[in-house]
């Protein structure tokens, strides 16, 4: 069972990623459907997961959380801060296990994380970047209130091909969560 709750939604809880979670994340990130949606072409081993966890633990500005539903991990969600001129902008990313997709977990986790980013951390804007062909992830962003801001042509690489990446943004006054 995952560690303590950091953020709570109605059906999901978000937990800091701990070493005990690495087996789940290792399996998930190597799952072909998840790996493709993230644009990862090479496998990740346990050691790379341990290195990522060490870096995440030292990242004071980023938030890396496990998505949990019914006491079981179903995915992960991240918020990476970047100062853009004088604005504080966060980039969100998320992925959910294929067997847990279609239940609204990513949407609820993202809504919960956005509320935290705007109300507790004072972010000026949140951004999400997804492959233009990933309609499911685009729907998640749109359900939370993100607006498409443009498409960067041939910016992603998937299955040996260059593909377009859709850029989405959300401002605090647009967020209804």
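The values are calculated or read from the model by the stated rules, or taken from the named source; none is laboratory data. Small disclaimer: the values here were computed from a predicted structure and weren't measured. FYI the Cβ positions are ideal-geometry reconstructions off the backbone, even for glycines, and counts take in every protein chain you see.
Quick rundown of the values:
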{"quantity": "Strands (runs of 3 or more DSSP E) completely within segment 70-170 that count 1 or more residues being free of Cβ contacts under 8 Å to residues at least 12 places away in the same chain", "calculated": "72-84, 147-158, 161-170"}
{"quantity": "Residue in segment 82-92 that is modelled with pLDDT under 95, touching a helix residue (DSSP H, G or I) at 6+ places or on another chain (Cβ under 7 Å) and at negative phi present", "calculated": "no"}
{"quantity": "Some residue of segment 92-114 being surrounded by fewer than 16 Cβ atoms within 10 Å (Cβ to Cβ) and under 26 Å from residue 42 (Cβ atoms)", "calculated": "yes"}
{"quantity": "Residue under evaluation residue 26, criteria (1) within 23 Å of residue 126 (Cα to Cα); (2) over 13 Å from the mean Cα position of the chain (by Cα); (3) surrounded by 15 or more Cβ atoms within 10 Å (Cβ to Cβ), criterion not met", "calculated": "(1)"}
{"quantity": "Residues located in segment 163-177, provided they are modelled with pLDDT of 95 or more and out of contact with any helix residue (DSSP H, G or I) (no Cβ under 7 Å at 6 or more places or on another chain)", "calculated": "164, 165, 167, 169, 171, 173, 174"}
{"quantity": "Residue in segment 54-63 that is part of a strand (DSSP E or B), under 16 Å from residue 128 (Cβ atoms), at pLDDT 80 or above and within 16 Å of the chain's Cα centre (by Cα) present", "calculated": "yes"}
